[in-house]
Amino acid sequence: MVTRANRSILLSDALQLCTQLAEANWESAGIAIDALSVGSDMIPVSEAEANYLAGIYEAKFQGLEDAAGQTLDSDRFFPVLRSVGRRQVSFFVTRTSGWECLVVIESDLRAPLAVLGWKRKTNVLTVHIGDFEVAMQKYDERARLEFSRSLRGSRPADSAIAPSSTSMRWLTEVRRTGVEGVIESLLVGGSYMPGELGPLEFKVPYQEPEEQQPEEHTADASCLSLFDQTQLAVGLSPSGADSAMESLLREPPRVPSGLVQLDSFASIPAAPLPTSISRAVNCWGVVITAVHDGALIEAQLRQLMRGWVG
C-alpha cells in the first residue's frame, strides 16, 4: 500500500484542524500552527492506511538516539493510528526551522486525528513524498571509497550553461520504507569541480571482482545514515559502479564543463538493485544542479520524487 498525494486543503481549514488538536492538548499542534502561519494558501494532502503510516514513522524513529527527547506526542500518536487500523486517513507535514510535524486527519478532511512532532537535524535537509524520503547535507567522508581504479566517461557539456568557478561537494541519501520499516536506503556522495571549456567528465570508483578491497573498506565497513543512527554498509560492487556511471551519462547534473566525481557509497541492503542506484545517483545530481543554479533544493527534489510514486 503506497501513499497518494492528490489533494489539497485550504490553509484556513488546516489551521482550524490544528487548533482543535491543540485544544485537545496535543503539544506538537502548536508547532504545526506556527509553521502554517507562514505557509501558502493551499496545503498538499496525502492519503494512506493508518497502520501503514504508523509503520513508516515508527521505523523513522526506531534508530534515533534519545527518540523520546527529540519527539513530541509519540506516546499518543502511534496508539491512535493503530486504533484506526486499516482505514484510510489523510495527512500533511509542516516544517519550522527546528521542527517537523505530521498532522493526520480523517480522509474527508473534516476532523483531526493526531499530530506528531520531531526535531529536525540542523545540518540535514529532508524531503518526504509517499514511501520515499531524501536527506542531504554538505559532504563528509563517512562513506568514502579509496578504490584503486575508476570508471571514466564523458559527454558534451551544455553550451547554454555559463562557465563556473565554484566547486560543490554533497551527500544525499534515498530511503524507502514500508509497513515493516526501512526497505532500502542508499547514500551517495561526491563532487563537481569546474574545468576548462570542453566535455563534462565523470568518474566513479571501481574495483575488479577479483581484487581484494583495502582492509578499511571490507564488507564489514559501515557508516551512519544521514537520517538517524542506522548503520549502512559502505561499498560499491563492480556492477553497482556500472549502474552509477550509466545513470550519470543518461541524466547528468546540469553543470558546465568540468569533472563530476562520485566517491562515496553506502546502503542497506549491502547490494542494492540497479534501479535503486540509479534513483540515488539521479537524486544526488538534482542536488548538485540546484546548488549550482541557486534554486530551492527542496522544490527540485519534490519534482523528481513525484515521478517515483506515480
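List the number of the failed condition for T218; all other conditions in (1) under 20 Å from S148 (Cα atoms); (2) at pLDDT 95 or above; (3) hydroxyl-bearing (S, T, Y) hold.
Failing condition for T218: (2).
So, in segment 7-19, of the ones that are of a type outside the set (A, V, I, L, M) and touching a helix residue (DSSP H, G or I) at 6+ places or on another chain (Cβ under 8 Å), which residue ends up surrounded by the fewest Cβ atoms within 10 Å (Cβ to Cβ)?
T19
If you check R82, R76, R7, R87, which single one turns out to be at pLDDT below 90 and basic (K, R)?
When all the criteria are applied, what remains is R7.
Of all residues being open to solvent by 10 Å² or more (accessible area, probe 1.4 Å), over 24 Å from Y57 (Cβ atoms) and without any contact (Cβ under 8 Å) to a residue 60 or more places away in the chain in segment 221-246, which is nearest to the chain's Cα centre (by Cα)? Just the residue, please.
Ranking the qualifying residues of segment 221-246, first place goes to A233.
Regarding segment 141-149, can at least one residue be identified that is without any contact (Cβ under 8 Å) to a residue 60 or more places away in the chain and either among the β-branched types (V, I, T) or under 14 Å from S267 (Cβ atoms) (or both)?
No, every residue in segment 141-149 fails to be without any contact (Cβ under 8 Å) to a residue 60 or more places away in the chain and either among the β-branched types (V, I, T) or under 14 Å from S267 (Cβ atoms) (or both).
In segment 261-303, which residues are touching a Ser or Thr at 6+ places or on another chain (Cβ under 8 Å), open to solvent by less than 20 Å² (accessible area, probe 1.4 Å) and in a strand (DSSP E or B)?
Within segment 261-303, D263, A266, S267 qualify.
When the residues of segment 78-98 are narrowed to those that are small (G, A, S) and open to solvent by 40 Å² or more (accessible area, probe 1.4 Å), which ends up farthest from S46 (Cα to Cα)?
S97
Being farther than 28 Å from Q207 by Cα and part of a strand (DSSP E or B) is the filter here; which residues of segment 126-150 pass it?
T126, V127, H128, I129, F132, E133
What are the pairs, 6+ residues apart or on separate chains, where a residue within segment 114-137 that is closer than 19 Å to W26 by Cβ has its Cβ under 8 Å from a residue that is modelled with pLDDT of 85 or more and assigned to a loop (DSSP other than H, G, I, E, B)?
Partner pairs satisfying both residue conditions: A114/W26; A114/D73; V115/W26; V115/D73; L116/D73; G117/E27; G117/D73.
Search segment 23-50 for residues being open to solvent by 40 Å² or more (accessible area, probe 1.4 Å) and assigned to a helix (DSSP H, G or I), and hand back the single one that is modelled with the highest pLDDT.
E23
Run down L236, L248 and say which single residue is in a helix (DSSP H, G or I) and at pLDDT 90 or above.
L248
Has segment 164-171 got at least one residue that is among the hydrophobic types (A, V, I, L, M, F, W, C) and loosely packed, with under 15 Cβ neighbours inside 10 Å?
No, segment 164-171 contains no residue that is among the hydrophobic types (A, V, I, L, M, F, W, C) and loosely packed, with under 15 Cβ neighbours inside 10 Å.
Out of segment 102-124, which residues are part of a loop (DSSP other than H, G, I, E, B) and either buried (at least 24 other Cβ atoms within 10 Å of the Cβ) or not hydroxyl-bearing (S, T, Y) (or both)?
Within segment 102-124, D108, L109, R110, A111, R120, K121, N123, V124 qualify.
The values are calculated or read from the model by the stated rules, or taken from the named source; none is laboratory data. These figures come from a predicted structure and were not determined experimentally. So basically every Cβ, Gly included, is an ideal-geometry build from the backbone, and we count neighbours across all protein chains shown. These area figures cover heavy atoms from the full protein model, side chains too; ligands, DNA and RNA do not enter into them. Shrake-Rupley method; radii C 1.70, N 1.55, O 1.52, S 1.80 Å.
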